[in-house]
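Structure first, commentary second.
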Amino acid sequence: KKARNKDRQKERQTERKTDRKKDRQKERQTERKTDRKKDRQKDRKTDRKTDRKKDRQKEHGSRLQLQKDGQTERRTDRKTDRQKDGQTERRTDRKTDRQKDGQTERRTDRKTDRQKEQK
């Protein structure tokens, strides 16, 4: 009778042991499963984040290019304006020079005429 009791005890003990072992295995399995799931979620999140960042950078780059284009356009406009101003300035300078030359020429002509008249 005692031997049978011991056998049953041992059997129950090994049963409990295997049950605990199986429980631990199952726990570890579900832990790994949830870890992988969380990792995938994190990866997707970071992917979306980097995608948005790249999009913003691209958008910013195109905006910068537009600004740059506008800036160079304005720069060339100013340059042509300066060139035009310089050109008209030179033109007026030549004109006034011609006028002065004509005036002094007429002055000298009158002077010589007066001198001739006096003689």
Just to check your reading of the model, which residue among THR76, THR18 is at pLDDT 95 or above and of a type in the set (Ser, Thr, Tyr)? THR18
Evaluate the range 5-19: report whether one residue or more is loosely packed, with under 10 Cβ neighbours inside 10 Å and part of a helix (DSSP H, G or I). yes
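The values are calculated or read from the model by the stated rules, or taken from the named source; none is laboratory data. Note that the coordinates shown come from a computational prediction; the quantities given were computed from them, not determined experimentally. Glycine gets a Cβ as well: all are built from the backbone with ideal geometry, and neighbour counts include every protein chain shown.
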